[in-house]
Every structure is written in C-alpha cells, then in structure tokens.
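First up is the structure itself, then whatever we jot down about it.
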Amino acid sequence: MTLLDLSVSLSFVLGIGFLAYVTVIVRNFLRAGPDAPGDPSRFDWHFLIPCRDEEAVIGTTLDHLARHFPRARVWVVDDHSEDRTAEVVRARAAEGRPVHLVGRRLPRARTGKGDALNAAYRAIEAWLPQDADADRVVLIVLDADGRPSPGMLDTFAGPSSFGDPAVGAVQVEVRMSNRDVAVPLPHRGRLANRFARLLARLQDIEFRGPISAIQITRRFTRTVNVGGNGQANRLSALRSIDRAGGEPWGRALLEDFELGLRMMLAGWRNGYTTTAWVDQEALWNVRQLITQRVRWAQGSMQCAPYLRRVWRSREFTTLGFLEVLYFMVQPWLQVVGLVVYTVPIAAFGYNIVFYPEFVLAFLREGGAVLIALYLVLGVAEFALWGPLYRRRGEPGISRRAALGYGLALAVYAATTYLVAVRAFWRIVRRKGAWHKTARTAVPLPASTARELTARELTARETTARELTAREIPAREPTAGQIPAKEITGQEIATA
C-alpha cells in the first residue's frame, strides 16, 4: 500500500467517524430542554475571579455581580497586575461590598490560572468557620470579563445541579457578550470591522452550537467537564480532590478540564446547563484567537497521563472512557489529519499538472461525484450549525445569514489543524507558559480614574481599620446561609 492509498483510506475513516459523531451530538442538542430551578438561599455562593492586568473589565464585572447577586461573596485574585486592577477592586470593596482582594506577587505569581484559583481557594478556606457545611458552599469561577445570567444561582440550586448531592461541579453555557457590536474596531476600515464582527459571531456559534452539543451529549456518558468561565464547584468536592493541601486545581494549561477529570475520578458527577449562561468577550483578532486555542489544545495534550487512571477507574463506563479518549486525542488526530488530508490533495494537484489525461479519466469514471460528495459532507458537518444556531438561540438572524455563518464556520474550523500543530510543537520544545487572553475593552478615562483613586484611598483607610481591630464582628446570617466572619473588603496577601 502506497502513502497515497494509506492517506486516502485514513481520511475516509476519519471523515465517516466524524460524521457519525456529529449526527449523535446534533440529535441530543435538539432534544435538550430547560432545567428546573431551585432555592439559592440553601447555599452559600462565592465567585472566584483570577485577574492579571484586568483594569479594563474588572470594575464592570464587579458592578454586574453586585447588581444581580448581592448576597454572593466575590474573591478577586490579583496575579501581580501591572495596571490598576487592584485599585479598582479596592474601590469597590470600600463601598461596603462583600469583595475580597487576594494578592499574589512575583516570584510566586503568574504561574498559571490553576495556581491563582488555588490561592483564592485557600483564602476562602481560611475565612470560613470550621463548622461550615462544605456541601452547601459553592465556588463559581469567572473570567474577569464574565457576566453571569441573572438566574444562574436559581439554576445551580436546581435538582439537576447542586440540588442533587451527587453533583460536584456544574458548567453553564458560554456566550459572547460582544457578538452584536456594530463597530468593534472604530479606528479601522469597513472590511476590518466586518471581519471582526464575523469572528465574534463564529465564536458565539462555536460555544452555543457544537461545544454545547458535546456537553449535552456527555450527560449520557457521564463525562461532562467544566470550562474556564462559568464553572461552579461544591466545596466538599474540591476538598475530596485536594491531596496536596490547598491545591484542588492542577497546573495543566487546561486546568478546568483537569479539574473535571479529577472530580469524576473521585466519584463526583459533573452537570451542564443551557438554562443559565455566562457572557464573555469574543476576540476580534485572529492572532489572539490562535494563541488562546493553542493554549487549550496544549492543555488537553498535557492531560494525556490521566487516560490510564480513567481506564482503570470504576467511575467511568466503557462509553465514558471512549468519550474522554476521543476528546483527549483529538489534537493529536488533527496533527495526523493535517498529513492525511494534505497528501491526497497534493497528489491530486501533481497529477493535474503532469498527468491531466489520468485525472480527466478518473473524474469521468465517478471520481468527480466522490470528490463533490466528500466536499459537501465535509462542509455540511460544520455549516449546519449556522441554521441550528438561528433556531435555538438567535431567531432574529435571517436564514441567509445563518447559512452564511455556517459556511464561514467550516473555514473557521480549519484553523484547528494549525492550532494542533503549534500546540504539538510547543510540547516538543517543552514550552508551558500561560498565554493570557487579551481584552477588547478600553481602559477607563482619566476622569474616572481620578475618581477611583480617591475611592481607593478611602478603601485603604477602611482596610487598615479592619485589620487593626482585635476582634472581627460576626455577621448575622440570612435564612439558609452559612454564618462566617465578616471581612468585607479585606486584602489578603498570599503566595
């Protein structure tokens, strides 16, 4: 068998396998319904927000949380920011909000998102009373630009989420907050703005379409995993996997996927819901998008050693193991697929140039039909998400636009091959640095900055008075909430 024969055969097998996979997840996606709400007062809620140079967005996020979740506590981890992130947080805390600033400083800072989350986890453990019911304490991870839907806590308290004592973690659907921005790049031309709008829309389709469908399907294989934004974790579940003492999150670049695996290996079940969601900023720049996705792909590759534990674990069914296996080997398959798909295309082009009669005979004898069918199926597997996106979430989009988005998604998906190769090359070169996702929001104007600086001075005075006091007064717990020490606005220095 020649290399060409092998490549054609493998590309056919991979194509048929992916088509079957898409068929299954689309069926489950269309059959999914809303989740019943519960009583959020039964739980104690804590938002964890790791930050590094997030001055542009953190203030708006804290305002959103104060408006929609006034009883929840917020723990902001300042990972040695070089901008005014800490100042903005202190100013909000000075207003009497339940906001805590957890500071990390070099050389022990900027070592990864997992380490930043572990710092917040340790701060919360130190703050909670010893008799706190860990089953009723929930830690929700947000990106600095995250905007949770107003009813998120009601959904989390429902019977399919933390209302079920077997559930250790829940992930909500992710949406792009800037998907409808008309002029994302005000200083660029019309073409650049049209492309940026399209890129933001495609990211929204990706998360609310195929990624959501995959998570919904994982409910049946019991392998739902969590993402980096909008994940919620029961404290008792985090404690059960905290073997190192204060470090439930690992150090893989895909620390969220690693956490979800460790939850399942410990016997917990993870949930997923589309009833609640979190909005985050889409990227308007291809280079930033590729950098983000390379980190995700490399993080998935780093989790490969867990496959042996998943294989041996009684917590995973055979179908569950196969689903985890498929996800974890996907970047590796894309590295192979780049060769598998490129060789036949290169051979076909070579024959067109040097053996045109052979190519024409091949096309006349049915080759043209096979190539057309292959292209139609290859594009349709992605293009269908445009109309499904319109049907499930954005009915205001025209049918024509939805089809156009779907076709564009097929081109967008092709970048995953470049992403996989770059991630593989980084592993070969032993590069594991955490590449932070850049924000698209603009910093605050100077007038607002001056106002916040004045508020920061007040915050420091308030903090000094709190830390000077020998006794910290206890707060009166509301119905269903866990009593704890009141340290609103306190700044915590941690490694």
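Restricting attention to segment 249-279, the residues that are within 24 Å of VAL57 (Cβ to Cβ) and surrounded by fewer than 23 Cβ atoms within 10 Å (Cβ to Cβ) add up to 2.
Selection of segment 218-242 for residues being of a type outside the set (Ser, Thr, Tyr) and part of a loop (DSSP other than H, G, I, E, B) yields ARG222, VAL224, ASN225, VAL226, GLY227, GLY228, ASN229, GLY230, ILE241, ASP242. Note on segment 280-291: residues that are surrounded by fewer than 24 Cβ atoms within 10 Å (Cβ to Cβ) and charged (D, E, K, R) total 1. Residues in segment 22-47 that are within 22 Å of PRO165 (Cβ to Cβ), hydrophobic (A, V, I, L, M, F, W, C) and within 23 Å of the chain's Cα centre (by Cα): TRP45 only. The C-beta contact set for segment 324-344 (first residue aromatic (Phe, Trp, Tyr), second residue at pLDDT below 80, distance under 8 angstrom, 6+ apart or interchain) comprises TYR341/SER7; TYR341/SER11. In the set (1) of a type in the set (A, V, I, L, M, F, W, C); (2) closer than 30 Å to ASN285 by Cβ; (3) out of contact with any Phe, Trp or Tyr (no Cβ under 9 Å at 6 or more places or on another chain); (4) open to solvent by 60 Å² or more (accessible area, probe 1.4 Å), the condition left unmet by PHE195 is number (3).
Residues checked against (1) of a type in the set (D, E, K, R); (2) assigned to a helix (DSSP H, G or I); (3) open to solvent by 90 Å² or more (accessible area, probe 1.4 Å):
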| residue | (1), (2), (3) |
| --- | --- |
| ARG293 | yes, yes, no |
| MET301 | no, yes, no |
| ARG308 | yes, yes, yes |
| TYR350 | no, yes, yes |
| LEU370 | no, yes, yes |
| VAL379 | no, yes, no |
| ALA401 | no, yes, no |
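Within segment 38-69, restricting attention to residues that are among the small types (Gly, Ala, Ser), touching an Asp or Glu at 6+ places or on another chain (Cβ under 9 Å) and surrounded by fewer than 21 Cβ atoms within 10 Å (Cβ to Cβ), the residue that is farthest from ALA123 (Cα to Cα) is GLY38. Of all the listed residues (ARG108, ARG84, ARG73), the sole one being open to solvent by less than 70 Å² (accessible area, probe 1.4 Å) and more than 16 Å from ARG147 (Cα to Cα) is ARG84. Within the set PRO159, PRO210, the sole residue that is at pLDDT 95 or above and closer than 30 Å to PHE43 by Cα turns out to be PRO159. Can you tell me which residue within segment 237-248, out of those that are touching a helix residue (DSSP H, G or I) at 6+ places or on another chain (Cβ under 7 Å) and open to solvent by 20 Å² or more (accessible area, probe 1.4 Å), is modelled with the lowest pLDDT? Applying the filter and picking the extreme gives GLU247. Give the residues of segment 310-337 that are surrounded by fewer than 20 Cβ atoms within 10 Å (Cβ to Cβ) and among the aromatic types (Phe, Trp, Tyr), sorted by residue number. The answer is TRP311, PHE321, TYR326, PHE327, TRP332.
The values are calculated or read from the model by the stated rules, or taken from the named source; none is laboratory data. The model shown is predicted, which means the values in this text are computed figures rather than measured ones. Using ideal geometry, Cβ is built from the backbone for each residue, glycine included, and neighbour counts are taken over all protein chains shown. Note: areas computed on protein heavy atoms with side chains; ligands, DNA, RNA excluded. Shrake-Rupley method; radii C 1.70, N 1.55, O 1.52, S 1.80 Å.
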